[in-house]
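Quick notes on the structure that follows.
Readers should treat all values here as calculations from the given coordinates under stated rules, not as data from a laboratory. Treat the numbers as computed from the prediction; the structure is a model and nothing was measured. Positions of Cβ are generated from backbone atoms using ideal geometry, with glycine treated the same way; all protein chains shown enter the neighbour counts.
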Amino acid sequence: MDTIASLFSFITTPVSWIIVQFHKLYGAVFGPDTGWAWGLSIVSLVVLIRICLIPLFVKQIKSMRNMQVLQPKMKAIQERYKNDRQRQQEEMMKLYKDAGTNPLSSCLPILAQSPFFFALYHVLSSIASGKTIGVIDQPLLASAREAHIFGAPLAATFTDSAEKVASLNADIVSVRVVTAIMIVLMSLSQFYTQRQLMQKNVDLTVKTPYMQQQKMLMYIFPLIFAVMGINFPVGVLVYWLTTNVWTMGQQMYVINQNPTPGSKAQDNYLQRLLKSVSTHGEIRGRRRRNIVRAIVAKGPDRNDNERKFIAALAKEGYSAQADGTVTKADPAVAEAEAANARRQQPKRQTKAKRQQGGAGTATADPAEGPSLEKPSLEKSDKPSGATPKQPAKPAGGGTRQSKAGQRKGPQRPKHPSSKK
């Protein structure tokens, strides 16, 4: 880890300078040598970095939305080239290129934070070793070594020996309890963030490599950070726990306010929007009107959630307009719109089912001659009201066209002696 951190030593001076500036601010309130002053300085560093990364987060969200739109095409490629893995991967890469997206986009925020993460690790490691680094001079170094968070020094790790912890004026039990709790919280927050995304903001019914990647991240990332966390100083654990909480809150806001079309989160959002319309009689907020306008513009291409929303609006007596507003509709018009929104195209039967339905009562092939059923020779003896047996329909499910002057529908069976 020290070798990796040293690769990012070029950014240690800016990181240490930012921490020192925040330390001056919080030191005036809590005292310069307290864990609150140094701990809040690290938390503020995280907040500053994440604010700078908001444009990257927006780009990540757009890329993930594009991946959702591509799900049907990706599924079609999988089915078409299921026996040719190489061709399947080539077609997938071509699809990503044409759409301008990348399946690894969800890793962008983590990759962008890596230099700051390792720079902070390098700074805290130097503090633990008693070495000045960046703008942290000897007085600041002594102050940082005295700072404790719940009894654990900022530079202590879970694997430190009792002698090293004692040199930082702490005991091994306090350090291991605090670091263990922080590692567990860090891993759980990482897992919950990814699980929240998988359960609420994506369509799990479509099995694609993108979905498999997201599932892998949900289980593997928390395990990786749990294993690596035992070597992280307390200050780095504070950093990573803070960034996980920020990511979780940021993602929760996006899921609740701008969900992915077709997801469970969109269904919940549209239900809340419908309740708001029923209460206030209008669409409040420009962002909400933009969402309704987009739904109206889709027309017949709306997903199930959007069709249900339009039908529910009509049932309440409202009609969605092209500008994203709603107006009171005539009850008859509202009922017609609700019926139109609920109308579904009938499912087309497969060829096997159509043949099975048409051949329910098979008959003899016309080329094989007349039916083998023995006809009645005592036709004249039967009562005039008797109804003769109807011949079975042809095996293809179709009916022969009637000749000119011949009555349509089932015909009387012909006598075997007939020439025709």
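Annotations
- Residue 167 paired with residue 28, simple spin-label distance in nm, labels 7 Å along Cα-to-beta-carbon: 3.5 nm
- Segment residue 294-residue 253, extension gain: residue separation times 0.36 nm, minus the distance between their alpha carbons: 12.7 nm
- Relative packing of peptides 235-242, 25-32, 45-52 - highest average C-beta neighbours within 10 Å first: 235-242, 45-52, 25-32
- In terms of surrounding Cβ atoms within a 10 Å radius of their Cβ, 96, 318 rank from fewest to most as 96, 318.
- Working note: Karplus 6.51/-1.76/1.60 with θ = phi - 60° gives region 19-29 the couplings 4, 5, 5, 5, 5, 4, 5, 6, x, 5, 9 Hz, where Gly and Pro are set to x.
- Amide hydrogen proximity for residue 148: with H placed 1.01 Å from N in the peptide plane, the residues at 5 or more positions away or on another chain lying under 5 Å are 35.
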